[in-house]
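The values are calculated or read from the model by the stated rules, or taken from the named source; none is laboratory data. In this text the structure is predicted, and so the values were computed from the model without any measurement. Here the Cβ positions follow ideal geometry from the backbone for every residue, glycine too, while neighbour counts run over all protein chains shown.
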Amino acid sequence: MDAMRVSQLPEELLYLWHTHRTEVLLTAGLLFAIARLAVHWRKRTSKQIWTPLALTPTSEKLLPIPSAKEQLAVADHYEAPLLKPATRPKPGPKRVTGTRRAKPVGSKIDGSEAITCIQPLIFYYTLGGSTKAYADKLAASFTASATQSVLAPEVLDLAETEYDDYFLNSPKKTGTAYFYLLLLPTYNIDTNLSAFLANLDETHHDFRIDTAPLSGLAGYSVFGVGDKQEWPTEQDGFCTQAVEADRWMAKLTGRKRGFPMGTGDVRSDLEARLEEWTAGVGSVMSDLAEGRGLGEGVAGSGDAVESADEEDADEQDDVTETATTKSRRKPIKRSRTDDLEDMKAPIPVDFTTTFKTSSSTIPAPPKPMVPESSPTYTSLTKQGYTIVGSHSGVKICRWTKSALRGRGSCYKYSFYGIASHLCMEATPSLSCSNKCVFCWRHGTNPVGTTWRWTVDPPDLIFAGMKEGHYKKIKMLKGVPGVRAERFSEAMRIRHCALSLVGEPIFYPHINELLAMLHREHISSFLVCNAQHPDQLATLGPVTQLYVSIDASNKDSLRRIDRPLHRDFWERFCRCMDILRQKRFTHRTVFRLTLVKGFNIDEEAEGYADLVERALPGFVEVKGVTYCGTSTAAGAGLSMQNVPFYDEVRTFVLALEAALLRRGLDYGIGAEHAHSCCILLADRQRFFKPSATSGDGVARWHTLIDYAAFFRNLESGAPFGPEDYVGAPTPEWALWGAGGFDPRDERVDRKGRPKVVEVA
Ligand SMILES: Cc1cc2nc3c(=O)[nH]c(=O)nc-3n(C[C@H](O)[C@H](O)[C@H](O)COP(=O)(O)O)c2cc1C
Ligand code: SF4
């Protein structure tokens, strides 16, 4: 029986298994999981508590848990992650944190190290000996004027100079900052000078060397000695090696051109040019010694706003320039608004928020038009305006910069002989009584039919304008291509265009301001908008008096000028009659700004009627310049409204014909294709035989004899525009010749030479 039960046991077990296998398996799995968890928990606990510190004798003894401080102290050895969960390093480039310190460019001269004196070093190169003689003369002049802060110069012959000592590293002496003066002739043959220039080039491009190894210098300036008889212009080769040296030095010093490069012709003006340059360089070194730096706008020494052109030039000069060098300056967004006068001032500024009209019946005391604390003030200042007093402004126009670089003046040079680098553009009233569609200011400027602001005295305005203008000119001294002689000339204002923004005639003391200009022999061009007949009637002497004629009839004028005065047409017509009277005492000009779709089509006859009514001496016809702002676009203006030069020409011919039909003898006296501007002039008065030529041939005489204007004015006797007619209009400015002075270099937007095409 027992044996039988035993034999049945496997079967029973199998049966039990089949019946309970699920429970058995589940129980086993659960037990296994509990066991695993227990083992795992034990491991963690033991790791946390029992792991001995490295280098500590191993023992089975329970060790105390180290404090956080202790853990940090042994961080290299202790396995910290269980106390502070480890963060996995993110894949990707290693991130370096911390503050990057800016390299102290020019810190020596900007005060991080005390500089007690400037040491000028005069480098020269010579083959024939003349440049050495000039270098010695320069040294003698600086030695004579040496002080404790600007030392007597050392003179170094480049042929005997170790380049690496001076052009790879700059000399170092505690408390001394060095200023390099380079006097260089030009040779179109291979000389040591070519090797010197090649060395500068190599240093700049050597990737092992900082791109500006000479940035520790206080500054530098180059003077070129050349021969204009054989090499009349820079393009022909005049002083090209000096130009090249100047360019390399700008790069090697981190743009520390202390004074514009000077050039002199050995056969004519060298002595005079060198004298000017010496004076300029001398004053810069004195400024440096007195801690005033190189001046705003010169890289490495301050505000670079006005040096935007340098960036352009460098891009064009050196396409391999590194990002490091470029990143020194923020690219400056150029607006197309530089030629302010052309477009009635085109930068949008919100004046409206500042001047809310009071609902009170008690008249509020007058307020400043543009207070210093206003956003308008900040905005205008940022855009390069200098706000003078509380309602006047001054700004350097792009033509002034262009003329300083020998790249041409504005149309007023071709028509009237005004060199742009001698001209100051300003206004004594930023406010106006129109909202012209082609003006950026509409709806945003302080407008009004009467003057309702505080009035600044004219002497304050005049002094502030000059100060602002000269300050801006000085900012340009480090800009590449600025010519030393033009820079020196620019430090004496000869002309003032009162036309920047607003309505100059609105200023209650306009006559006093004009008299102040004239007393300093600064000629005056005043532009007004034919809305202030009373002020026009009482206007005193002006060298040239403009009236903007933006439309030929009432409807068109309302559409385009959007005047504030209800009686705008009556005012306009009265101004025409006053101008007719004034033609005997003033040189009067109509300025027509052509806006396609607004005031060109079929208006020639209407304009001819206005000319017949006012009989201006001249009619300037100019295509509008689109300023590309949203405000202009909001006024319905786009590039489509800018006429082509051909269209301006066609219009002028139509106007000339319309005038002739009325028996008015006007003809085309000059043109400036570059500004899309053409000048019609009264033949009776300005087309005549020249007094100087003596050949009896009649010629256009649109230029002004400024000296004669002041002579007449100071004589006290009555005089008229015929009394200060200048020399004949230059051949290159006449109709069909284009109007660009061939002595200037014409360049495109990138500074490349441009071929002048004329019809
Ligand atoms: C062979 C030769 C080539 C010259 N090439 C130029 C030139 O390309 N551009 C220029 O402006 N002057 C040129 N010159 C004029 C010299 O720069 C000028 O005479 C200068 O005063 C020479 O200076 P130095 O006497 O110190 O050597 C050249 C003169 C010579 C003799
Ligand atoms: S007249 Fe003077 S301000 Fe006007 S565009 Fe010419 S240079 Fe500039």
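Descriptive notes on the structure:
- Verdict on T381 being surrounded by fewer than 22 Cβ atoms within 10 Å (Cβ to Cβ) and modelled with pLDDT under 85: yes
- Considering residues of region 589-633 that are modelled with pLDDT under 90 and in a helix (DSSP H, G or I) only, the residue surrounded by the most Cβ atoms within 10 Å (Cβ to Cβ): A632
- Tally, over region 708-719, of residues that are closer than 27 Å to G739 by Cβ and touching a residue at least 40 places away in the same chain (Cβ under 8 Å): 2
- Whichever residue in region 518-554 is assigned to a strand (DSSP E or B) and not hydroxyl-bearing (S, T, Y) and, among such residues, is surrounded by the most Cβ atoms within 10 Å (Cβ to Cβ): I549
- P480 being assigned by TED's automatic domain parsing to the domain that holds A614 and closer than 30 Å to T585 by Cα: no
- Check on F651, modelled with pLDDT of 90 or more and assigned to a helix (DSSP H, G or I): yes
- Scanning region 470-493 for residues that are more than 14 Å from the chain's Cα centre (by Cα) and either buried (at least 22 other Cβ atoms within 10 Å of the Cβ) or in a helix (DSSP H, G or I) (or both) yields Y470, G481, A484, E485, R486, F487, S488, E489, A490.
- Which numbered condition E647 misses (of (1) touching a Lys or Arg at 6+ places or on another chain (Cβ under 8 Å); (2) touching a residue at least 40 places away in the same chain (Cβ under 8 Å); (3) charged (D, E, K, R); (4) under 20 Å from H701 (Cα atoms)): (4)
- Some residue of region 214-223 being part of a helix (DSSP H, G or I) and either more than 16 Å from ligand 2 (Cβ to nearest atom) or under 31 Å from the mean Cα position of the chain (by Cα) (or both): no
- Scanning region 208-229 for residues that are surrounded by fewer than 23 Cβ atoms within 10 Å (Cβ to Cβ) and within 18 Å of S194 (Cβ to Cβ) yields a total of 1.
- Looking at G408, G384, just one residue is in a loop (DSSP other than H, G, I, E, B), under 15 Å from the mean Cα position of the chain (by Cα) and away from ligand 1 (no atom under 16 Å from the Cβ), and that residue is G384.
- Each residue in region 251-278 was checked for being in a helix (DSSP H, G or I) and either within 16 Å of ligand 2 (Cβ to nearest atom) or crowded, with 24+ Cβ neighbours inside 10 Å (or both), and 2 of them qualify.
- One residue alone among M465, M424 is under 23 Å from Y377 (Cβ atoms), more than 16 Å from ligand 1 (Cβ to nearest atom) and in a helix (DSSP H, G or I), and that residue is M465.
- Residue match in region 498-507 (condition: crowded, with 24+ Cβ neighbours inside 10 Å, within 17 Å of V621 (Cβ to Cβ), assigned by TED's automatic domain parsing to the domain that holds F709 and among the aliphatic types (A, V, I, L, M)): no
- Residue match in region 184-193 (condition: buried (at least 19 other Cβ atoms within 10 Å of the Cβ) and under 18 Å from G216 (Cβ atoms)): no
- All positions within region 215-263 that are in contact (Cβ under 8 Å) with a residue 40 or more places away in the chain and more than 24 Å from Y166 (Cβ to Cβ): D227, K228, W231, T233, E234, Q235, G237, F238
- Count of residues meeting criterion [at pLDDT below 90 and within 32 Å of the chain's Cα centre (by Cα)] in region 695-750: 14
- Only listed residue being under 20 Å from V589 (Cα atoms) and either under 36 Å from the mean Cα position of the chain (by Cα) or among the aliphatic types (A, V, I, L, M) (or both), chosen from L564, L539: L539
- Selection from region 116-143 of residues that are within 26 Å of A289 (Cα to Cα), assigned to a helix (DSSP H, G or I) and in contact (Cβ under 8 Å) with a residue 12 or more places away in the chain: Y134, A135, D136, K137, L138, A139, S141, F142
- Some residue of region 574-582 being under 20 Å from F709 (Cβ atoms) and either crowded, with 24+ Cβ neighbours inside 10 Å or in contact with a His (Cβ under 9 Å, 6 or more places away or on another chain) (or both): yes
- Selection over region 489-519 of residues that are within 30 Å of A279 (Cα to Cα) and in contact with a strand residue (DSSP E or B) (Cβ under 8 Å, 6 or more places away or on another chain) gives a count of 7.
- Residue selected from region 525-548 under the condition in contact with a Pro (Cβ under 9 Å, 6 or more places away or on another chain) and more than 16 Å from ligand 2 (Cβ to nearest atom), by the criterion farthest from L592 (Cα to Cα): Q535
- G448 being over 30 Å from P533 (Cβ atoms), in contact (Cβ under 8 Å) with a residue 12 or more places away in the chain and out of contact with any Leu (no Cβ under 6 Å at 6 or more places or on another chain): no
- Region 230-258, residues that are among the aliphatic types (A, V, I, L, M) and within 11 Å of ligand 1 (Cβ to nearest atom): A242, V243
- Count of region 395-417 residues which are of a type in the set (A, V, I, L, M, F, W, C) and surrounded by fewer than 24 Cβ atoms within 10 Å (Cβ to Cβ): 1
- Qualifying position, being in contact (Cβ under 8 Å) with a residue 40 or more places away in the chain, of a type in the set (A, V, I, L, M) and under 21 Å from G258 (Cα atoms), among A152, A177, A146: A177
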